[in-house]
1. So which residues in the stretch B:115-159 are in contact with a Phe, Trp or Tyr (Cβ under 9 Å, 6 or more places away or on another chain) and assigned to a strand (DSSP E or B)?
2. Taking A:Glu50 as meeting all but one of (1) open to solvent by 100 Å² or more (accessible area, probe 1.4 Å); (2) within 30 Å of A:Thr2 (Cβ to Cβ), write down the number of the exception.
3. Whether any residue in the stretch A:199-206 is facing chain B (nearest Cβ under 10 Å), open to solvent by less than 100 Å² (accessible area, probe 1.4 Å) and closer than 24 Å to B:Gln149 by Cα is what I want to check.
4. Among residues belonging to the stretch B:20-37 that are more than 16 Å from B:Ser49 (Cα to Cα) and of a type in the set (A, V, I, L, M), point out the one that is least open to solvent (accessible area, probe 1.4 Å).
5. Looking at the stretch B:112-159, which of its residues are facing chain A (nearest Cβ under 7 Å), open to solvent by 60 Å² or more (accessible area, probe 1.4 Å) and touching a residue at least 40 places away in the same chain (Cβ under 8 Å)?
6. How about the stretch B:85-111: which of its residues are open to solvent by less than 20 Å² (accessible area, probe 1.4 Å) and more than 10 Å from chain A (Cβ to nearest Cβ)?
7. Name, by its number, the condition in (1) under 30 Å from A:Met165 (Cβ atoms); (2) touching a Leu at 6+ places or on another chain (Cβ under 8 Å); (3) at pLDDT 85 or above that does not hold for B:Phe144.
8. Kindly indicate whether any position in the stretch A:179-193 is more than 7 Å from every other protein chain (Cβ to nearest Cβ), open to solvent by 50 Å² or more (accessible area, probe 1.4 Å), acidic (Asp, Glu) and not in a helix (DSSP H, G or I).
Amino acid sequence: MTIWWLVLILGYLIASAAGFIWVVLHLKGAGGGKPGKHTATEQFQKAAEEDVEHIFNDEFREELRNRGRLHFEKIIGENAMFLQQDLRLTTSQMNEFMKQEITRSLEDAFKNYQSAIGDAKQMAIDSIEKTKTTIDEQRKMLTLQLETEFSQQKAARLKRFDEKMAEIVNHYILGAIGNQIDLSDQLEYILSQLETSKKAILEDIKNGA
Amino acid sequence: MAREELVLPPIIVGMIDVNRLGRELEAFEDYMAQAKARKSSVTTPPRTSQLLDTLASANQLNLLQDIDRERLALFLQSLQDAPSVHISFAADPSASFTEKIVAWFRENIHPNVLVQIGLQPNIAAGCVVRTENKIFDFSLRENFNQSQQALIDAVGGKQ
């Protein structure tokens, strides 16, 4: 819209200048005519020309030129003022436009940036959630494995304890009472045991001999 | 006249005692040979060990007599092939205890059986008899081992 205004003002100025030049040239051409027949018409024309020359003399022309110049200067001044106003308006509009454009660009950039940050944040949250889920699953699996292993170890230890308990008790009892039993007190027991195995011992002695 | 078999008294336990008696009898024999060489009459025999005295008295032998010494030497020689058993106790047995055990073996198993006494503190009580081919475990340890299942059941291992 500002450019069109500028074009219109310039066209107006050019048209004014062309009209002024045409007026000046026309006035200058009217002052240099050829001498004709001395007829009434010619005389009349001559008298009219003289009157014209008399009316439109140099002072009048100079006055017209001054008026034209003043008018032209006035128009030029007004147009310059308009142009200046338009330029200021255009400048302010352009500043406003630039501000709006920059603001819009920045807002778009910020929106994109916020969107990217949001996406990244969401991805991070998803990743953390996934990791948390995986860790929970692994923890459950590990707990299950540990419980299984503990129960297996417990069963194995209990089994081993059952197997070894009697041996341990025997060892303890033997160690505890081993030195407390007198051999002479055992004589009857030993002789009775020998008596029960007498046949086997006898047979082995005979076979060995 | 058939010679009677000599008796091995329980105080003579094992092959160690037999070998010791053999060496002592040889020394006695040397002493008597020397006396004979000197042509001196021996009225009092040299001092002998309790084992030899017991063996001689148990068999009514006079060691001053050559024939008796010869019988004794032959008997001791024959004991080299006598049957033997090894018996272990938890503690070192006394002499009287050993004699009773040896007497039982001589009466019930073989009159000339030789007994080797061993020591196994871990059996706690009883004894372990080892013959030529077998082991007879009469120890308290073995008794406990055989009763392990009963102990497990009593403690609650078997519901």
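The values are calculated or read from the model by the stated rules, or taken from the named source; none is laboratory data. As the structure is a computational prediction, the values presented were derived from the model and not from experiment. Cβ: placed from backbone, ideal geometry, glycine included. Neighbour counts: every protein chain shown. Protein only, heavy atoms only, side chains kept; ligands, DNA and RNA dropped before computing areas. Shrake-Rupley method; radii C 1.70, N 1.55, O 1.52, S 1.80 Å.
1. Within the stretch B:115-159, B:Val115, B:Ile117, B:Gly118, B:Leu119, B:Cys127, B:Val128, B:Val129, B:Arg130 qualify.
2. Of (1) open to solvent by 100 Å² or more (accessible area, probe 1.4 Å); (2) within 30 Å of A:Thr2 (Cβ to Cβ), only one is false for A:Glu50: (2).
3. Within the stretch A:199-206, not a single residue is facing chain B (nearest Cβ under 10 Å), open to solvent by less than 100 Å² (accessible area, probe 1.4 Å) and closer than 24 Å to B:Gln149 by Cα.
4. Ranking the qualifying residues of the stretch B:20-37, first place goes to B:Ala35.
5. Residue satisfying the conditions is B:Glu132 alone.
6. B:Ser88, B:Val102
7. With respect to (1) under 30 Å from A:Met165 (Cβ atoms); (2) touching a Leu at 6+ places or on another chain (Cβ under 8 Å); (3) at pLDDT 85 or above, B:Phe144 is out only on (3).
8. Pass one, the stretch A:179-193, residues more than 7 Å from every other protein chain (Cβ to nearest Cβ): A:179-180, A:182, A:185, A:188, A:192.
Cutting the leftovers down to open to solvent by 50 Å² or more (accessible area, probe 1.4 Å) gives us A:179-180, A:182, A:185, A:188, A:192.
The next check asks that each one be acidic (Asp, Glu); those that pass are A:182, A:185, A:188.
Subsequent filtering for residues that are not in a helix (DSSP H, G or I) retains A:182.
The answer is yes, given that some residue of the stretch A:179-193 is more than 7 Å from every other protein chain (Cβ to nearest Cβ), open to solvent by 50 Å² or more (accessible area, probe 1.4 Å), acidic (Asp, Glu) and not in a helix (DSSP H, G or I).
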